[in-house]
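Down below is the structure, laid out as structure tokens.
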Amino acid sequence: MSEERGGRVAIIVGSRSDIGAAEKAAAVLSELGVESETRVISAHRAPDLLARYVSSATDRGISAFIAIAGLAAHLPGVVASQTTLPVIGVPMAGGVSDGLDALLAIVQMPKGVPVATVGVGNGENAGLLAAQILGVTDSELRGRVETRRRSQAEAIAADPANEGV
Ligand code: RP5
């Protein structure tokens with residue numbers, strides 16, 4: 001897990017048990033040349049530390065947050081309540097309905113405080129979406145995202161099952 005300072009994307013997990021999704025997000029960002037930093041801060045167990053971190057990360061010039069949590073999954077919403085930077089929420093599997101609880105908790109934000117929610121456990125899409133957001137003002141990064149999209153389509157076209165299509 002990267003804990004370097006000065007990344008452009010801040011990834012926060014509610015528990016060390018969520019770290020796999022954070023690693024997927026960080027890996028995609030790194031592939032696209034975007035530095036990230038990861039912290040383990042529960043919104044419920046360490047609310048003061050979370051507030052300090054969101055405030056200092058925003059002041060340091062972080063461009064977007066990825067917040068990853070399961071169960072009651074308040075972390076992305078609490079982060080969004082403390083910054084106007086974009087917040088991407090990743091619900092984690094587990095709990096009484098294996099991630100549906102966390103998905104609904106994250107996606108059902110009240111008007112005025114949005115969280116962009118990706119699929120359950122989908123750290124990769126969270127990283128990609130953060131890169132696309134940063135790409136709005138960074139044409140080189142946008143180009144790398146476009147190249148990745150093309151490679152993805154080419155790999156599917158090259159699948160032997162699609163010969164002749
Ligand atoms: C949430 O509760 C965390 O995001 C994690 O997904 C879940 C379980 O946390 P641990 O009990 O494993 O620390 O707050």
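The values are calculated or read from the model by the stated rules, or taken from the named source; none is laboratory data. All of these numbers come straight from a predicted model, not from anything done at the bench. Here the Cβ positions follow ideal geometry from the backbone for every residue, glycine too, while neighbour counts run over all protein chains shown. For accessibility, only protein heavy atoms count, side chains too; no ligands or nucleic acids. Shrake-Rupley method; radii C 1.70, N 1.55, O 1.52, S 1.80 Å.
Of note:
- Qualifying position, being in contact (Cβ under 8 Å) with a residue 40 or more places away in the chain and either within 11 Å of the ligand (Cβ to nearest atom) or aromatic (Phe, Trp, Tyr) (or both), among ALA22, ALA57: ALA22
- Of the candidates ALA130, ALA158, the single residue that is within 17 Å of the chain's Cα centre (by Cα) and within 24 Å of ALA27 (Cβ to Cβ) is ALA130.
- The one condition from (1) open to solvent by 80 Å² or more (accessible area, probe 1.4 Å); (2) modelled with pLDDT of 95 or more that ILE106 does not meet is (1).
- When residues of the stretch 29-47 are limited to those that are more than 16 Å from the ligand (Cβ to nearest atom) and in a helix (DSSP H, G or I), the one farthest from GLY14 (Cα to Cα): GLU31
- For the stretch 21-47, the set of residues classified as open to solvent by less than 20 Å² (accessible area, probe 1.4 Å) and either of a type in the set (Val, Ile, Thr) or modelled with pLDDT under 95 (or both) consists of VAL28, VAL34, THR38, ILE41, listed by residue number.
- GLY119 at pLDDT 95 or above, at positive phi and surrounded by fewer than 16 Cβ atoms within 10 Å (Cβ to Cβ): no
- Taken as a whole, the condition of being touching a Gly at 6+ places or on another chain (Cβ under 6 Å), modelled with pLDDT of 95 or more and crowded, with 22+ Cβ neighbours inside 10 Å does not apply to LEU71.
Residues checked against (1) out of contact with any Asp or Glu (no Cβ under 7 Å at 6 or more places or on another chain); (2) free of Cβ contacts under 8 Å to residues at least 12 places away in the same chain; (3) of a type in the set (A, V, I, L, M, F, W, C):
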| site | (1), (2), (3) |
| --- | --- |
| HIS74 | yes, no, no |
| VAL79 | yes, no, yes |
| LEU103 | yes, no, yes |
| PRO110 | yes, yes, no |
| VAL118 | yes, no, yes |
| GLN132 | yes, no, no |
| GLY135 | yes, yes, no |
| ARG148 | yes, no, no |
